[in-house]
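Enquirer: Pasting a structure below so you can have a look.
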Amino acid sequence: MTRVTHDAGEGVHKEALDLVSSDVNFPKGHFPDYRIGPNNQIIDPEETQEAVPLKEIVAKETAQLLEQRRRLSVRDLKEKFEKGLSGASKLSEEAKRREAASLDRQVLLKKLRDVLDTLKGRVAGRNRDDADEAISLVEALAVQLTQREGELIYEKAEVKKLASFLKQATEDARKVAEEERALALAEIEKARAAVEKVEKALQVHDSASSSREKEEMEELRKEVREARRIKMLHQPSKVMDMEFELQALRTLITEKTQLCNQLKKELAMIKRLEEDSSDLFELEGSDTLGSQFHIIPRVDGAPSITNCPIQWYRIISGGIRELISGATKSTYAPEPFDVGRLLQAEIVLNADKFMVQTNGPINEAAGLERYVDSLMKRTDVEFNVVVTQMNGKDYSSNSVHVFHIGKLRMKLRKGWSTKARETYSSTMKLCGSRGGGNAAARAVFWQARKGLSYTLGFETDRDRNAAIMLARKFASNCNVTLTGPGDQVHGT
């Protein structure tokens, strides 16, 4: 008996499943978990977790649109209405989808009720009670769906009203925008017409003023011509001829004066050459600080002065000659102490003395004073040098050293090794190199203390002269006068 009942239950259950699955597609693999709430209402657990109802959302957005309508511009209002219209269309589509879903649910519930009725007729006992309970649940669910359909119909009507309202508002906003655009275009056209009118008025004014100025200039020209004609009528032609002749004579005298001056210069040059015909030598070089003088033969066949005694002098105020100690070569590079003074070299050849002299005082190099003033703003100035001699003997190394000139002391170093460092004192000497050579214009002689001296070669003659001037100014601030060996103190 039990076996027959079991087989009948399995057959009925399989048949019921076949009937349901043939026409209905359940979204889940099991029966929905409905529960009965107060007033016999069927509550879906998933729907209890849904968001705010659609009706409240629509009402909230409508209120926001109405509040913002007053403070929006026409264009913004139009855009907002268009967005609202699109949102309303979306809501309408969503309502349609929900309506279709509700219809599907009605069909599903009807089929489910039919299946349950069929099962109720085929089962007995406890299974029949379960079938009755299921049928009551389905009926309650059908009632709930009917209520939902009523609400959906009402919401659909509200959505249609809102859509029509938004559509009408969009049309109104579009009309207002068109009217405002037309008004703006009219105002622009009026402004453009006003601007064109002003431009035409300005052009007319400019043309009138220019024509008036031309007329005034023409009248002035006529008056000047008339004045000249009256002046010509009151002056005899003979006076005019005399004026022309005087002008021609003035021009001729000017030309003759220029020619006479040129001839005087040539005669003075020829006379000086004739008087100096006995001189065999002359100086070659520029009278500017940074150059170098060479004693060269003036005439062909002049004797060599390689082994002749030579002494250089500087001419100070009153024509007094001051000996330049150590300057006994055929070349000499002026230093800053020679600026504004004449230089003279005395050559002794076979008991005869020959004198050569610069054409004028030594001039300062352009921009050197400003360069030194800019360097004085620093507390320590560095120059790259090469040591050529030490204590009068050639220095074997040609490596680059750094020569420091500070406000209180001078220092010579190579890398981290300090060769000499001395404060300004009366035993310190500094001057241009007086030993001759092609690089004399870039070399200095520095006696740090007694028994220690260097001959330093700078990169340029400008650095060499600036270093001498800078050191002498810093030493002067320390009440020390830096000169060369054997030089007299006269003030720089």
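The values are calculated or read from the model by the stated rules, or taken from the named source; none is laboratory data. Treat the numbers as computed from the prediction; the structure is a model and nothing was measured. Because the Cβ atoms are built from the backbone with ideal geometry, glycine has one as well, and the counts that use them run over all protein chains shown. For accessibility, only protein heavy atoms count, side chains too; no ligands or nucleic acids. Shrake-Rupley method; radii C 1.70, N 1.55, O 1.52, S 1.80 Å.
Enquirer: Find all pairs meeting these conditions: Cβ atoms under 7 angstrom apart; at least six residues apart or on different chains; first residue within the stretch 288-299 and assigned to a loop (DSSP other than H, G, I, E, B); second residue of a type in the set (Val, Ile, Thr) and buried (at least 16 other Cβ atoms within 10 Å of the Cβ).
Expert: Leu289/Val339; Leu289/Ile362; Gln292/Thr331
Enquirer: If you don't mind, there's one more thing I want to ask. Counting only residues that are touching a helix residue (DSSP H, G or I) at 6+ places or on another chain (Cβ under 9 Å) and buried (at least 21 other Cβ atoms within 10 Å of the Cβ), which one in the stretch 315-347 is nearest to Gly360 (Cα to Cα)?
Expert: So the residue we want is Pro334.
Enquirer: Related question: With the condition kept exactly as written, say whether any residue in the stretch 351-360 is over 54 Å from the mean Cα position of the chain (by Cα) and surrounded by 15 or more Cβ atoms within 10 Å (Cβ to Cβ). Walk me through how you get there before you give the answer.
Expert: First, pick out the residues of the stretch 351-360 that are over 54 Å from the mean Cα position of the chain (by Cα): 351-357.
From what's left, surrounded by 15 or more Cβ atoms within 10 Å (Cβ to Cβ): 354, 356.
Yes, the stretch 351-360 has at least one match.
Enquirer: Now a separate question. Please indicate, with yes or no, whether at least one residue in the stretch 153-166 is open to solvent by 90 Å² or more (accessible area, probe 1.4 Å), assigned to a helix (DSSP H, G or I) and among the acidic types (Asp, Glu).
Expert: No, the stretch 153-166 has no match at all.
Enquirer: Here's another thing I want to ask about it. Quick check, is Asn359 among the polar types (S, T, N, Q), outside any strand (DSSP E or B) and in contact (Cβ under 8 Å) with a residue 40 or more places away in the chain? So that I can check it myself, show each step before the final result.
Expert: Numbers: among the polar types (S, T, N, Q): yes; outside any strand (DSSP E or B): yes; in contact (Cβ under 8 Å) with a residue 40 or more places away in the chain: yes.
Judged against the criteria, Asn359 is a match.
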